[in-house]
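Okay, so here's the structure we're looking at.
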Amino acid sequence: MKKEKRVWAITLIVLWWLASNKTSAQQVEDSVRTLKEVVVTGTKFELPIEKSGKFILRLSEQQLRDQPGINFSNLLNNLAGIQVDGNFGTPGSNLNYYVRGARNRQTLILVDGIPMNDPSGIDAFYDLRYIATDQLKNVEVLQGGLSTLYGSGAAASVINIQTKNADQAGLHGSIDLNAGSWNSFGQNLNLNGKADKLTFQVLANNFSAEGFSAATEKNGAGNFDKDGITRRNGFLKVGYQFSPKFKLDIFGGTDWLDAKYDDGAFQDASNSLVQSQIRVGFKGHYTYTNGSVQLTAQQLSNNREFTSLYPTAYDGSNFFTEVVHTHQLSGYAKLLSGVSFQQLKFGEKNVSAIDTTRFTIVDPYTSLFLDFENGLQLHIGTRLNTHSEYGSKLLYNLNPSWTVNIAADSKLKFFGSVSSSFITPSLYQLYSPFGNRNLKPEENVNYEYGVSLANSQFSISAVNFFRNEQNAIGYINRYENLAATRKVSGVTVNAAYHFSNVLSFRADYTSQSSDNEKSFYRIPKEKWSVGATYRVGKGTLLTATYLHTGARTDLYYDENFMASEVKLNAYDLINLSASQELFDRKLSIYGLINNLLNEKFIGVYGFTTQERNYLVGVRYNF
């Protein structure tokens, strides 16, 4: 508690200092104009970030373009409040994402606004290894519960991934080729076109890396084999503007990967996971004078096959459809109402067919957003989560904020929220051989309050969060409700300063803790990162980042399946990247070096971590 008070005191001093200094009168187009950023994740409609009462970290199209070659898990891991577990292992390592000390199942992943949870997995979460950064337009990370808008799973965070789209007349696109350490090779194609009322988008990616041994060798003999990955994905979207008021998009995509893995900590094996997903769907959007109606539907099919001494295969099916109606009631009031339907199916080889284990979720919801002239905003929402196995649960969200105009173009915002979430067990946790049909759903209540200051040159936000969890699910011989309650609390601070079109800085800090340390394995209590971007001359960009990850505790199972706790030391990483644009930005060459100082550290006990590594690439835009 003393540490959190110290963080808040420092933050308030910085806010006061920034507010008392006048900002640069001249800004250039390439600068990040914080006040003009628009987000959608906190309300499901476009809203200036200054009016959002949620803590949202946004990776813009410009920021993604400035970091070519970086993988998606590293982008997330550098953000405040997020720890990605496994991203420093061999390429293809399993990835877990912890936001505000929460597990995968408490974070909902959206791709183009559609939930992507995979019913074939243990926690029904989305596998980040599918993501190719070159295909993304922007990313919004909303921290804090928002189940009233997004349903089960949105208990601690919502990560909304937006893919690129066609927004210019004519034929455009890019081709990207890169190569790097561990014999990695990547190829990416982005082709889009717009002619009159018709648009289309083609995205394709191929990536492979030999990698290195996933498990650590205790004797250092060098006999363990390499564990790499091969990934391929493709996506097609076709849209037609039938009238100024109505547009329809039809889309389909496939993702496939083959990742090698070992038997466990210090244990080599020639295991393989081959998994794939296929998605098809449509999105229709109709606008009228004071509002809009959107209908979305997607069928997602998943398959996961493990080849090892204990081979098995899983199938999953996720059908999602939703109708959302937004209406401007008055100059200061907007109402959003909708209903979503989701049917999840699960099948396990030699155990259960995919059509025999399923459940459905039907959720009507409504949300009211008030924006008063005095700077007060109020977001109120409710949702009736109706589950075929667990009945109905009423969820709520109350999110006030107040924006004040201060010196020059600066705006000071105070915000807070309280919200509830309802996380039902996955189909695997219920119906697999390790399942338990007597499991109770997890229930979360989130509290947070914060302050932010922003203008066209700088921004800083700080938030204090608390989350009360009930009936947390974990594994002990089978899946059980481990503890009646668990409490998590912490502070996150995010800041950015743009001195000019030449130099900019950013910094992120997180402090978090839990009253149940056994549920906090691999999550650092303290973490911070800083980064600098320097534009040299025409088209030259240099970026440096420093990441400190604090000490953690891991749980190690030996060959006799005996568990013991292991303390993992803190580590520090420095990464550098550079890019050069040529021929009027048609051609770009880039390179990056990760772990510049070749830091020796342990990410997951018993498994290897990346030494100094590099990547170089070239991109052609047309």
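The values are calculated or read from the model by the stated rules, or taken from the named source; none is laboratory data. Nothing here was measured: the structure is a model prediction, and the numbers come from that model. Positions of Cβ are backbone-derived with ideal geometry, glycine not excepted, and every protein chain shown enters the neighbour counts. Accessible surface is based on the protein model in full, side chains and every heavy atom, while ligands, DNA and RNA are left aside. Shrake-Rupley method; radii C 1.70, N 1.55, O 1.52, S 1.80 Å.
Does Ser513 satisfy the criteria of being among the small types (Gly, Ala, Ser), in a strand (DSSP E or B) and open to solvent by 20 Å² or more (accessible area, probe 1.4 Å)? Against the criterion (among the small types (Gly, Ala, Ser), in a strand (DSSP E or B) and open to solvent by 20 Å² or more (accessible area, probe 1.4 Å)), Ser513 qualifies.
Among Asn397, Asn405, Asn374, which is the only one that is at pLDDT 95 or above and polar (S, T, N, Q)?
On the way: Asn405 fails: at pLDDT 95 or above; Asn374 fails: at pLDDT 95 or above.
Among Asn397, Asn405, Asn374, only Asn397 is at pLDDT 95 or above and polar (S, T, N, Q).
Residues in region 147-189 that are buried (at least 19 other Cβ atoms within 10 Å of the Cβ), at pLDDT 95 or above and within 19 Å of Arg585 (Cα to Cα): Asp176, Asn178, Asn188. Considering region 207-233, and only residues there that are surrounded by fewer than 16 Cβ atoms within 10 Å (Cβ to Cβ) and out of contact with any Phe, Trp or Tyr (no Cβ under 6 Å at 6 or more places or on another chain), the residue that is nearest to Leu171 (Cα to Cα) turns out to be Asp225. Counting only residues that are part of a loop (DSSP other than H, G, I, E, B), β-branched (Val, Ile, Thr) and under 11 Å from Lys260 (Cβ atoms), region 205-232 holds 0 of them. Tell me, please, whether a residue that is open to solvent by less than 40 Å² (accessible area, probe 1.4 Å), touching an Asp or Glu at 6+ places or on another chain (Cβ under 9 Å) and either more than 23 Å from Asn78 (Cβ to Cβ) or outside any strand (DSSP E or B) (or both) can be found in region 541-552. Checked region 541-552: at least one residue is open to solvent by less than 40 Å² (accessible area, probe 1.4 Å), touching an Asp or Glu at 6+ places or on another chain (Cβ under 9 Å) and either more than 23 Å from Asn78 (Cβ to Cβ) or outside any strand (DSSP E or B) (or both). Taking region 455-510 as the range and being open to solvent by 10 Å² or more (accessible area, probe 1.4 Å), among the aromatic types (Phe, Trp, Tyr) and over 17 Å from Gln106 (Cβ atoms) as the test, the residues that pass are Tyr497, Phe499, Phe505, Tyr509. Counting the residues of region 576-593 that are open to solvent by less than 50 Å² (accessible area, probe 1.4 Å) and free of Cβ contacts under 8 Å to residues at least 40 places away in the same chain gives 2.
Within the set Ile109, Ile82, the sole residue that is open to solvent by less than 10 Å² (accessible area, probe 1.4 Å), within 26 Å of Ala313 (Cα to Cα) and of a type in the set (A, V, I, L, M) turns out to be Ile109.
Inspect region 256-276 for any residue being open to solvent by less than 60 Å² (accessible area, probe 1.4 Å), of a type in the set (Ser, Thr, Tyr) and more than 23 Å from the chain's Cα centre (by Cα) and give the result as yes or no. For region 256-276, residues open to solvent by less than 60 Å² (accessible area, probe 1.4 Å), of a type in the set (Ser, Thr, Tyr) and more than 23 Å from the chain's Cα centre (by Cα): present.
Scan region 48-58 residue by residue and report those that are in contact with an Asp or Glu (Cβ under 8 Å, 6 or more places away or on another chain) and closer than 17 Å to Asn494 by Cβ. Step through it out loud before you land on a result.
Step one: list which residues in region 48-58 are in contact with an Asp or Glu (Cβ under 8 Å, 6 or more places away or on another chain), which gives 48-49, 51, 55-58.
Selection gives Ile49, Phe55, Ile56, Leu57, Arg58.
Lys518 falls short on exactly one of the conditions (1) within 20 Å of the chain's Cα centre (by Cα); (2) surrounded by fewer than 20 Cβ atoms within 10 Å (Cβ to Cβ), and that condition is (1). Residues of region 16-68 being part of a loop (DSSP other than H, G, I, E, B), at pLDDT 65 or above, over 18 Å from the mean Cα position of the chain (by Cα) and surrounded by fewer than 21 Cβ atoms within 10 Å (Cβ to Cβ), which ones? Matches in region 16-68: Glu37, Phe45, Glu46, Asp66. Residues of region 568-602 that are of a type in the set (A, V, I, L, M, F, W, C), within 26 Å of the chain's Cα centre (by Cα) and over 19 Å from Val616 (Cβ atoms): Leu568, Ala570, Leu573, Phe601, Ile602. Of the residues making up region 402-414, those that are closer than 18 Å to Glu37 by Cα, touching a residue at least 40 places away in the same chain (Cβ under 8 Å) and not polar (S, T, N, Q) are Asp409, Lys411, Leu412, Lys413. Of all residues in region 192-206 being at pLDDT 95 or above, of a type in the set (A, V, I, L, M, F, W, C) and open to solvent by 40 Å² or more (accessible area, probe 1.4 Å), which is farthest from Thr609 (Cα to Cα)? Only one residue tops the list, namely Leu198.
For region 298-414, which fully contained strands (runs of 3 or more DSSP E) count at least 1 residues that are surrounded by fewer than 17 Cβ atoms within 10 Å (Cβ to Cβ) and touching a helix residue (DSSP H, G or I) at 6+ places or on another chain (Cβ under 9 Å)?
Numbers: elements: 312-328, 333-348, 352-371, 376-387, 391-405.
Of the strands (runs of 3 or more DSSP E) lying wholly inside region 298-414, those with at least 1 residues that are surrounded by fewer than 17 Cβ atoms within 10 Å (Cβ to Cβ) and touching a helix residue (DSSP H, G or I) at 6+ places or on another chain (Cβ under 9 Å) span 352-371, 376-387, 391-405.
Of the numbered criteria (1) assigned to a strand (DSSP E or B); (2) surrounded by 14 or more Cβ atoms within 10 Å (Cβ to Cβ), the one Pro524 fails is (1). Of the candidates Asn71, Asn77, Asn94, the single residue that is touching a Ser or Thr at 6+ places or on another chain (Cβ under 7 Å), among the polar types (S, T, N, Q) and surrounded by fewer than 24 Cβ atoms within 10 Å (Cβ to Cβ) is Asn71. Contact map, region 596-608: residues that are at positive phi and of a type outside the set (D, E, K, R) paired with residues that are assigned to a loop (DSSP other than H, G, I, E, B) and open to solvent by less than 50 Å² (accessible area, probe 1.4 Å), Cβ distance under 7 Å, separation 6+ or inter-chain. Pairs shown: Gly606/Thr216; Gly606/Ala265; Gly606/Phe266. When the strands (runs of 3 or more DSSP E) confined to region 417-498 are screened for residues that are within 21 Å of Leu149 (Cβ to Cβ), among the aromatic types (Phe, Trp, Tyr) and under 26 Å from the mean Cα position of the chain (by Cα), those reaching at least 1 such residues are found at 442-454, 458-476. Cβ-Cβ distances below 6 Å connect the following pairs, each with a first residue in region 546-572 that is farther than 17 Å from Gly101 by Cβ, a second residue that is small (Gly, Ala, Ser) and surrounded by fewer than 12 Cβ atoms within 10 Å (Cβ to Cβ), and a separation of six or more residues or different chains: Tyr556/Ser564; Tyr557/Ala563. Sort out which residues of region 553-604 are charged (D, E, K, R), modelled with pLDDT of 95 or more and part of a loop (DSSP other than H, G, I, E, B), and write them in order of number. Within region 553-604, Glu599, Lys600 meet the criteria.
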